[in-house]
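A.B. asks: Mind having a look at this structure? Questions to follow.
The values are calculated or read from the model by the stated rules, or taken from the named source; none is laboratory data. Please read all numbers here as calculations on a predicted model, not as lab measurements. Heads up, the Cβs are rebuilt from the backbone with ideal geometry, glycines too, and the neighbour counts pull from every protein chain shown.
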């Protein structure tokens, strides 16, 4: 993949572009179509890439076309760009736009859909990937290389499984922030400062996840090891179980999965 074109230059596009540049990709190999003048100026100033205000023949250079516009803007963007981008592999980071809709709008079957998450902004993300049958093995590797600087990737065999990926990891950072908020609130209730609570909560989350990644034991086993019957952790977890927190959390993720499916129906 020699030239990469981004249709849309928002946060996720910027995260991917930043990762590509850090991995050695030349700014001259990256084109960004971004109608917003302020955003174009920022991309030029901070990343040095080639920016475009409107579609043009220069997009025909693209070996990979990354669709990073808002879902509601896709049809209009596709109509404007179609004549210039059909040659490249179509790579979508748009939520709610299924590959059938992309194929119909662009006229290509070579489509990879990705569901990244916001830790991609610091190179700590994970993205679910789905490829249509027309995508070659080399193009799958191109897709992986495109996202490698932003974190990890995970392929799914069925496009519908991206709805589950959306529910778990796409929306997942918000769940972590939600629990951190609760821990900070509890810290203040117990006499600590908000800053002390934040430091303790964030260090606990990062340390626990690092331990889980390094261990061959399941999360359940790791949890049991710090839960002595009659102890403080036991008191806390017993309260959570009595309040139905685990069941409510599973229900919440399934609600996110359903909503992802509804968005697919709405936009595609």
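A.B. asks: In the set 212, 208, 201, which member is over 19 Å from residue 15 (Cβ atoms), in the same structural domain as residue 260 (by TED's automatic domain parsing), over 16 Å from the mean Cα position of the chain (by Cα) and surrounded by 17 or more Cβ atoms within 10 Å (Cβ to Cβ)? It would help to see each step written out before you state the result.
C.D. replies: Details: 212 fails: surrounded by 17 or more Cβ atoms within 10 Å (Cβ to Cβ); 208 fails: surrounded by 17 or more Cβ atoms within 10 Å (Cβ to Cβ).
The unique qualifying residue is 201.
A.B. asks: Do we find a residue being in a strand (DSSP E or B) and over 26 Å from residue 210 (Cβ atoms) anywhere in segment 119-136?
C.D. replies: First, pick out the residues of segment 119-136 that are in a strand (DSSP E or B): 125-131.
With the extra rule that they be over 26 Å from residue 210 (Cβ atoms), the set shrinks to 130-131.
Yes: segment 119-136 contains one or more residues that are in a strand (DSSP E or B) and over 26 Å from residue 210 (Cβ atoms).
A.B. asks: I've got another one for you. Which one is modelled with the lowest pLDDT, of the residues in segment 101-128 that are surrounded by fewer than 21 Cβ atoms within 10 Å (Cβ to Cβ) and more than 23 Å from residue 59 (Cβ to Cβ)?
C.D. replies: Among those residues, the one meeting the criterion is 121.
A.B. asks: Within the set of pairs 6 or more residues apart or between chains, which connect a residue that is touching a residue at least 60 places away in the same chain (Cβ under 8 Å) inside segment 78-92 to a residue that is part of a loop (DSSP other than H, G, I, E, B) with Cβ atoms less than 6 Å apart?
C.D. replies: 81/55; 88/62; 88/63; 89/110
A.B. asks: Also, I was wondering about something else. What number of residues within segment 104-118 are outside any helix (DSSP H, G or I) and over 10 Å from the mean Cα position of the chain (by Cα)? Spell out the reasoning first.
C.D. replies: Filtering segment 104-118 down to residues outside any helix (DSSP H, G or I) leaves 107-117.
So of that shortlist, the ones also over 10 Å from the mean Cα position of the chain (by Cα) come out as 107-113.
Counting residues in segment 104-118 that are outside any helix (DSSP H, G or I) and over 10 Å from the mean Cα position of the chain (by Cα) gives 7.
A.B. asks: Enumerate the pairs (first residue in segment 38-56 and assigned by TED's automatic domain parsing to the domain that holds residue 81; second residue anywhere and surrounded by fewer than 17 Cβ atoms within 10 Å (Cβ to Cβ) and not in a helix (DSSP H, G or I)) with beta-carbon separation below 7 Å, excluding pairs fewer than 6 apart on the same chain, so at least 6 apart or on different chains.
C.D. replies: Taking only residues 6 or more apart or on different chains, the pairs are 40/53; 53/35.
A.B. asks: Mind telling me which of the residues 229, 251 ends up being loosely packed, with under 12 Cβ neighbours inside 10 Å, within 30 Å of residue 72 (Cα to Cα) and outside the structural domain of residue 72 (by TED's automatic domain parsing)? Break it down stepwise before answering.
C.D. replies: Details: 229 fails: within 30 Å of residue 72 (Cα to Cα).
None of the other options fit; the residue is 251.
A.B. asks: Against the conditions (1) farther than 27 Å from residue 16 by Cα; (2) under 23 Å from the mean Cα position of the chain (by Cα), where does residue 223 fall short? Just the number, please.
C.D. replies: All conditions pass for residue 223, except number (2).
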